[in-house]
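Down below is the structure, laid out as structure tokens.
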Amino acid sequence: MDCIFCKIANGEIPSQNVYEDDIACVFRDIAPQAPVHMLVIPKKHISGPSEISAENAGTAGHLMMTAALAAKREGLESFRVVGNSGADAGQTVDHLHYHILGGRGLGWPPG
């Protein structure tokens, strides 16, 4: 599979890792949109939010828990977790991932 996030999860492509466990990894975004901008991904390939099912719901929940843990480790008291599903929503990598954004005030609506 030619998935950049799978390659990052497998250590084939270097990244600035913040956290890693058996299910997920968190690393810094290479094009940050906030002072703190990290991505949390599952190590097992899931194409995106629309592919979350009863079978992998535990992994999806673990990603949210991991996002909160990484934000706390970075000293964020307030942060946003964003997931995009499909090209029109801004998903550019077909691998489930959530953006963790913080370190400044974040406006609404975001886009």
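Any chance you could count how many residues in region 48-67 are loosely packed, with under 15 Cβ neighbours inside 10 Å and not charged (D, E, K, R)?
Counting residues in region 48-67 that are loosely packed, with under 15 Cβ neighbours inside 10 Å and not charged (D, E, K, R) gives 8.
I need the full set of residues from region 1-41 which are in contact with a His (Cβ under 7 Å, 6 or more places away or on another chain), of a type in the set (A, V, I, L, M) and modelled with pLDDT of 95 or more, in order please.
Selection gives ILE23, ALA24, LEU39, VAL40, ILE41.
Pick from region 9-22 the residues that are touching a strand residue (DSSP E or B) at 6+ places or on another chain (Cβ under 7 Å) and in contact (Cβ under 8 Å) with a residue 40 or more places away in the chain: which of them is surrounded by the most Cβ atoms within 10 Å (Cβ to Cβ)?
In this case the residue turns out to be VAL18.
Looking at (1) in a strand (DSSP E or B); (2) more than 21 Å from LYS7 (Cα to Cα), find the lone condition where HIS99 falls short.
With (1) in a strand (DSSP E or B); (2) more than 21 Å from LYS7 (Cα to Cα) applied to HIS99, the lone miss is (2).
I'm trying to understand the selection: among the residues of region 69-88, which are free of Cβ contacts under 8 Å to residues at least 40 places away in the same chain, surrounded by 15 or more Cβ atoms within 10 Å (Cβ to Cβ) and small (Gly, Ala, Ser)?
Within region 69-88, ALA71, GLY83, SER85 meet the criteria.
Among the numbered criteria (1) under 19 Å from CYS3 (Cβ atoms); (2) buried (at least 17 other Cβ atoms within 10 Å of the Cβ), which one does ALA34 miss?
(1)
Taking region 1-56 only, how many residues are β-branched (Val, Ile, Thr) and under 29 Å from GLY105 (Cα atoms)?
Number of matching residues: 6.
The values are calculated or read from the model by the stated rules, or taken from the named source; none is laboratory data. Please read these numbers as outputs of a predicted model, since none were measured by experiment. Virtual Cβ from ideal backbone geometry, glycine too; neighbours counted across all protein chains shown.
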